[in-house]
1. Please compute the net charge surrounding B:Ser47, taking Lys and Arg as +1 and Asp and Glu as -1 over other residues with Cβ under 11 Å from its Cβ.
2. On each of the three principal axes of the Cα atoms of segment B:53-188, give max minus min coordinate, whole Å, ordered largest first.
3. Give me D for segment B:320-460 in µm² s⁻¹, whole number, from Stokes-Einstein with Rh from the Kirkwood sum over alpha-carbon pairs, 4 °C and 1.567 mPa s.
4. Starting at the first residue of segment B:391-408, write each ³J(HN,Hα) from the Karplus equation 6.51 cos²θ - 1.76 cosθ + 1.60 with θ = phi - 60°, in whole Hz, x for Gly and Pro.
5. When DSSP beta bridges are limited to those with both residues in segment B:320-460, what percentage is antiparallel, rounded to the nearest 5?
6. Across every pair of different alpha-carbon atoms, what Kirkwood hydrodynamic radius in Å does segment B:1-95 reach?
7. Taking all pairs of different Cα atoms in segment B:191-235, averaging 1/r and flipping that mean, what Kirkwood radius in angstroms comes out?
8. Taking one equal scatterer on every alpha-carbon of segment A:122-225, how large is log10 of I(q)/I(0) by Debye at q = 0.19, 0.21, 0.24 1/Å?
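A short reminder: the numbers here are calculations on the coordinates, not readings from a lab. Model, not experiment: these values are computed from the prediction. Note: ideal-geometry Cβ built from the backbone for every residue, glycine included; neighbour counts use all protein chains shown.
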Amino acid sequence: MRILIVEDDEDLSRQLRSAFKDAGYAVDIAMDGEEGHFLGDTEPYDAVILDLGLPLIDGVSVLQKWRADGKKFPVLILTARDQWSEKVAGFDAGADDYLTKPFHVEELMARLRALLRRASGHTTDTIELGDLMVDNRAARAFVDGMAIKLTSHEFRLLSYMAAHKGRVISRTELVEHIYDQDFDRDSNTIEVFVGRLRKKIGTQRIETVRGLGYRLLDPDAETTD
Amino acid sequence: MAKGSPPSLVSSLVRAAALWAVPGLIGVTLALGLVSRNSSYRSFDESLESAVLGLIASVESDEDGTLRLSRELPEPRYQRALSGRYWMIGTIEDGREIIPLKSSRSLYGASLPVTSATISALDKQGQDPVRFTTLGPDLDADERLRVVALQVVLPNMTNPVVVLAAADRAPVMRSIRNFILAAVTLLSILILGTIFAVYAQVRLGLRPLFDLGRRIADVREGRAASVEGDYPPEISPLATELNSLISHNKTIVDRAQTHVGNLAHALKTPIAVLRNEAEAAETTPSEIVAKQTDMMASQVDHHLRRARAAARGQAIGVRANMDPVIDGLVRTLPRIYRDKDLTIERKGDTGLIFRGHPRDLEDMIGNLMDNAAKWTGSRIDVFVRKVEEGVCIVRISDNGPGLTAEEIAEALKRGARLDEATPGSGLGLSIVEDLADAYKGSLTFSRAPLGGLQAELRLPIAVDP
């Protein structure tokens, strides 16, 4: 999963980047409203964490612009502003959740996971595909109850495919959702990651659909495409 | 007085008084002068007319037409040369000039010049006297005479004769001038006196106001707690209103200071701990901690200053439309508590205006609705009603488990938190109660018809115009 954090405090954004990377997310950071709006407008994020008091363009305006342009990614507002009228304005602008500073990183993560869950239609942090279980909360995966060792990129790939299980996902989409902005993107590396993942979770679980991409098979459901 | 500010009350009132007093008194002076001049002229003319009548009564004509007086006029000045009093009797020659037949000794052989216009006027008037002004015989004194002339027919005479009596105008003119001068002097003194009296009266009348100003300055400079003293009935309501304003402001300042003090104390301890940690450690994170704590400290100082300034300057005369606040919360709470599938129903009156700060209204209704959303099963009712002039109630009820009387009392304790498992600062309800008290309202709890807790706020609203 790839997320955008728009936060002008350098220390806080660095802390958040490291915490979310550790939890298996690809993270991009924007330090002001203008950069934040541009990134949200051009990159396909799975979720955004947005501060309100930003330089250049304030958070509510950034969010309104995104929603006006039809951007549907879930947005969590993270701000020091705790007035009810500000919360109302945030939700009215199109926010999906609102968390006030000071906050605990665990709470922020839990709320972001809830947003991602809702967006993908799941009800819990764990996604089960037969005997394969992906635990987004702990950023780990299990086969037959045994934990498997995954690198952060491999986990991101698995987590994204699990959230969209049964659907064919193109290489481009995978590149866009598992790498952050600074990473040297090469779609050939996706093949390498898929190959390694197949070895760890079982070759038959990921199907290659020629010319279209990959599909994580869900043994419990009938695939339609 | 600052440039562009309105003129002082005293100068306005004095100017207004001068505006009617000065023209009024000038008008009175002019009228008095006119009346006195007319009356002087009239009495002057009357004395001349009686002299003419005296002459007519005492003049006799011989058979040869020679005139003589049976007795002289009693006024001795007719005998003294160029005295300013003259008489003359003459006949009209060719209708153009008067040939003197007899004249007073005072004329000293000269005659009274009569113009042909006067002669034709005499013909026209018949038995009525003609009055005119002419130059007198005393050319050195530039004598101007007032003359009364009457045409009569004497016995033994075929042609009518003209009898003229004249007197120097100068003494009368002098007395009129003296009268006007005296009148102007006296009335000027009266004008100045009136203006001064008005000034003194206004100063005296406004003295309670000046006194009130000094008392307010005493309050502002901390020498007094409220506006003291007895005031006349016109000003006493102002003093009372000022006192309630001062006490209202004081309540707000006290409240702000309490809250700010609490905030500062709450922050100071962790700042001290973090700062000590930062000084003790030598690894990189200590720099961050130090930087953050410095920022916290400067924020605390900044907000303390701002809050103190704001508490001094505002909070009176603010109003808040209740509808957008309630509607915003009704819209937003279901999004915050998405897992609960909340139904919030709003009932009762709309269009009410809360008499207070919008943020306070948000805090009160927001915290109560948020509390209801935390505890409710799925349903919240918000009911607003104007119960009397200037007062409304806001009733927020839910279908949660509700609270016992002891639990309610516990919830209202400052900083108390009823259930540690439910997130929140625990200050929500006590803040609502503090705010309601500050607005002379109230917060009460009871069992809701839905089964859960019902909170009822009583708040001041703007009175309909």
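1. Result for the local shell: -1.
2. 64, 31, 27 Å, listed from the longest principal axis down.
3. So the translational diffusion coefficient is about 86 µm²/s.
4. In residue order, the calculated couplings are 9, 10, 10, 10, 10, 10, 10, 9, 10, x, x, x, 10, 7, 4, 5, 5, 5 Hz.
5. Expressed as a percentage, antiparallel bridges in segment B:320-460 total about 80.
6. 19.4 Å
7. In segment B:191-235 this quantity evaluates to 12.0 Å.
8. -0.95, -1.17, -1.51
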